[in-house]
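Data block below; observations after.
The values are calculated or read from the model by the stated rules, or taken from the named source; none is laboratory data. No experiment lies behind these values; they were computed from the predicted model shown. Here the Cβ positions follow ideal geometry from the backbone for every residue, glycine too, while neighbour counts run over all protein chains shown.
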């Protein structure tokens, strides 16, 4: 079961990437983030813990990290299943996009699982718009010279 959102962003992949890997920038768009700790370098396989407001600390594993392209993590939640957060930076036909997906994996799905996933996904589009706003702030449109 997966929910996803994709938006165009007028910024380079290199300008977007730090919003996924720098905890001070991550906190700008993950508004309920209280803390995030990595047990090593930010790379595939690294584990860590994240604390969101009103939630218990959540352990995670970085399931895929590709510089300037993909930051994905997995949290195994007892009684719920495996929750994946995928953050992709894409370039399609000369346009840069960010795509965020939330996926729940488990053996059998219920209506409650869909409600849970919808609740988790609920603030994703807003978070993406925050990233878009932040990275586009200082972008200079082609043909325009700052005065």
Meets criteria (modelled with pLDDT of 90 or more and over 11 Å from the mean Cα position of the chain (by Cα)) for residue 82:
yes
Given the criterion closer than 20 Å to residue 119 by Cα and either modelled with pLDDT of 95 or more or under 15 Å from the mean Cα position of the chain (by Cα) (or both), identify the matching residue among 9, 102.
102
When residues of region 110-128 are limited to those that are surrounded by 14 or more Cβ atoms within 10 Å (Cβ to Cβ) and over 13 Å from the mean Cα position of the chain (by Cα), the one nearest to residue 9 (Cα to Cα):
117
For region 68-98, which positions are part of a loop (DSSP other than H, G, I, E, B) and farther than 18 Å from residue 132 by Cα?
78, 79, 80, 93
Taking residue 41 as meeting all but one of (1) in contact with a helix residue (DSSP H, G or I) (Cβ under 9 Å, 6 or more places away or on another chain); (2) more than 21 Å from residue 135 (Cα to Cα); (3) outside any strand (DSSP E or B), write down the number of the exception.
(1)
Condition set in a helix (DSSP H, G or I) and touching a helix residue (DSSP H, G or I) at 6+ places or on another chain (Cβ under 7 Å), scope region 1-19, selection surrounded by the fewest Cβ atoms within 10 Å (Cβ to Cβ): answer is 18
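Anything in region 46-67 that is modelled with pLDDT of 95 or more, in contact with a strand residue (DSSP E or B) (Cβ under 7 Å, 6 or more places away or on another chain) and part of a strand (DSSP E or B)? List them, or say none.
Filtering region 46-67 down to residues modelled with pLDDT of 95 or more leaves 46-49, 59-67.
This time we only want the ones that are in contact with a strand residue (DSSP E or B) (Cβ under 7 Å, 6 or more places away or on another chain), so: 46-49, 59-65.
Of everything in region 46-67, those that are modelled with pLDDT of 95 or more, in contact with a strand residue (DSSP E or B) (Cβ under 7 Å, 6 or more places away or on another chain) and part of a strand (DSSP E or B) turn out to be 47, 48, 49, 59, 60, 61, 62, 63, 64, 65.
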